[in-house]
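One structure below.
The values are calculated or read from the model by the stated rules, or taken from the named source; none is laboratory data. What you see is a predicted model, and the numbers here were worked out from it, not measured in a lab. All Cβ positions, even for glycine, are placed from backbone atoms using ideal geometry, and neighbour counts span all protein chains on display. Please note that ligands, DNA and RNA were not included when accessible areas were found on the heavy atoms of the full protein model with its side chains. Shrake-Rupley method; radii C 1.70, N 1.55, O 1.52, S 1.80 Å.
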Amino acid sequence: MWHTIGVDVGTSGTRALVIDANGAIVGTGTATYSSKNSKPNWAEQNPEVWWTSTCDAIHQALSYAGIAAADVASVGIAGQMHSSVFLDAAGEVVRPAILWCDQRTDQECDEITSAIGEARLLDITCNQAITGFTAPKILWLQKHEPKKFDRVRKVLLPKDYVRFRMSGEYATDMSDASGTLLFDVRNRKWAHEAIESLGLDSDWFPPSYESPEVIATVSAIGAKETGLAEGTPIVAGAGDQAATAIGVGVVEPGILLCTIGTSGVIFAHMDSPISQPDGRLHMFCHGVPGKWHVMGVTLAAGGAFRWYRNTFCADEEREARERGVDIYDLIVEGASSAPAGAEGLVFLPYLAGERTPYPDPNASGVFFGISFRHSKEHFARAVMEGVTMSLLDCLDLVRSLGVPVTQVRASGGGARSLLWRQMQSNAFGVPVSTVNSTDGAAFGAAILALVGAGVYANVESACREIIRVTDTIQPDTESQGIWDGLHSLYSGLYPNLRDSFDRRASLLRAYAHDGGGRN
């Protein structure tokens, strides 16, 4: 029996899966870690943690599956996008990676737009400059840490660093490279014009491949540390969102992905690229060879829900331990007791700035409409509804491009919540489905590995054979008026608060410069 391993190098941990040729999961492993937030809006991780966690997760998955390393036909790796790994000539890490959710590079984004030109940048890369992407992180390093910048000889993305440690090979795939702001998305190659316009070295960026292509093999050192067999093929893999889309079968028009993980994503498959005059959505290469996708992102989705849990739910945490249940189940149970619309309590989930529809690093979280009537249950529901409305903003932009939307497939931690799926269906006005795998990016990476091993002819046929819809929720038409009114109220808040967000950001910068303020 053929087996492959899929690995997802995430923001809060690494997940590894062993699947058989039919897509059945026979082994799993997980290793968790955290980010360092040393300054407001900063987020960093040590790439070494990704590698040791990957090794740990693979060992767990192989042990769980009870198979020999020789039984693994190939390996696929997915990972958080955009986060920058700077390596020197010896392949050593120069500094901690600056993550996708880090917001420090707003000035560098302006410099990129000025150097290349807004229209030309959008024409070349199909995206506008935003703080999450890789290119502004490189310019930030050049400006603020020039000695470290001078040591840089390679710039990798998280999954590509893990594969480098596993194989010794420098490479990337087209879906992940699309999020660097240095990639010609339409023509699926590095955008040398953009790279040179920014004074960067094209040799820093590794060759790019289609996601199911075999591009490396496990080295002797990689085998010793991971427990895999030396010589095991490794495919190019994909950025986490493209891999997640493959993992739930979003490989044809009309079916969209809605992920509620740390971030929230609306992802739509496209057979060909579409021009966006304003670039408010991301357009990237898909992990399906020769295909593309558009994507809207809210930076704090499940992350906002986790913040709410950590900040306000000590009582629920104690009760969950005593009852042996998941704390999120208790929070959702409370939220379900509050009425739809949370009696006018509205939450803006901009805890880490925002991307879509407002590419604004200064945006911040807001609870609006608080009254004496509001309980903790109202606040929990407002967080869930606020995230849902942010995703609806993304979906509305997708629809404005003429992209068909017949079904949404839910993924991430939010997919496990019946209440959250019903909220999505009600807000989006379309059925929301779950499928037979909830492991998202790791599962998609394992499917790519099956294609790379020749078990399936292509990604589409693999998904048709492996992915099955397990549950579908229909929109509740009676609640449509509530959602329409709520979304109208929600949508009016950001424009009215934008100047206040900017003033707040200036105040924070002055506060930090002053060393924390004076009495």
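Before moving on, here are some points about what is shown:
- Solution diffusion estimate, µm²/s, Stokes-Einstein, region 178-265, Kirkwood Rh from C-alpha pairs, 37 °C, viscosity 0.692 mPa s: 206
- Pairwise FRET efficiency - ASP471 versus VAL26, Cβ, R0 = 41 Å, nearest 0.05: 0.95
- Binning the C-alpha pair distances of region 14-159 at 5 Å intervals from 0 yields a P(r) profile of 2, 9, 15, 17, 15, 13, 11, 8, 6, 4, 1, 0 %, listed from the shortest bin outward.
- Distance between the pseudo-spin-label points of THR406 and ALA69 (7 Å out from Cα toward the beta carbon): 4.6 nm.
- Oblate is the label for region 110-266, because a/c, from the alpha-carbon gyration tensor with a ≥ b ≥ c as root eigenvalues, is 1.5 or above and a/b does not exceed b/c.
- Full-stretch length increase - ALA115, ILE274 - with 0.36 nm per residue and alpha-carbon distance subtracted: 54.8 nm
- From helices alone, the chain scores -12500 deg cm²/dmol at 222 nm; the rule is -39500 (n - 2.57) for each run of n ≥ 4 DSSP H residues, then divide by the residue total.
- Simple rule: put +1 on each Lys or Arg Cβ and -1 on each Asp or Glu Cβ in the chain, find the dipole, and look at THR113, SER506, PRO136; the Cα lying farthest toward the positive end is SER506.
- Counting only aspartates and glutamates at least 8 places from LYS36 when in the same chain, those with an alpha carbon closer than 17 Å to its own are GLU44, GLU48, ASP102.
- Whole-Å semi-axes of region 198-340's equivalent ellipsoid (Cα gyration tensor): 36, 25, 16
- Taking max minus min of the alpha-carbon positions on each principal axis, region 1-72 gives extents of 50, 19, 14 Å, largest first.
- Nearest-0.05 FRET efficiency for GLU252 and ARG151, computed from C-beta distance (R0 41 Å): 0.35
- Whole-number percent relative contact order across region 341-408, with pairs defined as alpha carbons under 8 Å at least 6 apart: 37
- In this Cβ point-charge picture (+1 for Lys and Arg, -1 for Asp and Glu), the chain has a dipole of about 680 debye about its Cα centre.
- Using the alpha-carbon positions of the chain, Rg (one decimal) and Dmax (whole number) come out as 22.1, 70 Å.
- Remark: the chain carries 38 Å² of accessible area per residue (probe radius 1.4 Å; ligands, DNA and RNA excluded).
- P(r) of region 328-448 over all Cα-Cα pairs, binned every 5 Å from zero, in whole percent: 2, 10, 17, 18, 21, 18, 9, 3, 1, 0, 0
- Region 139-210: Rg to Rh, with Rh as the Kirkwood radius over Cα pairs: 0.97
- Accessible area of the chain belonging to carbon and sulfur atoms, whole % at 1.4 Å probe: 49
- Amide N proximity, region 368-395 versus ASP315 label position 7 Å along Cα-to-Cβ, cut-off under 17 Å: 372-382
- The share of C-alpha pairs in region 362-519 whose separation exceeds 21 Å stands at 63 percent.
- For the listed residue pairs LYS159/LYS189; LYS39/LYS291; LYS147/LYS224; LYS137/LYS224; LYS143/LYS291, the alpha carbons are over 27 angstrom apart in LYS39/LYS291; LYS147/LYS224; LYS137/LYS224; LYS143/LYS291.
- For region 167-182, the Karplus equation 6.51 cos²θ - 1.76 cosθ + 1.60, evaluated at θ = phi - 60°, returns couplings of 10, x, 9, 8, 6, 8, 10, 6, 5, 6, 4, 4, x, 8, 6, 10 Hz by residue, with Gly and Pro reported as x.
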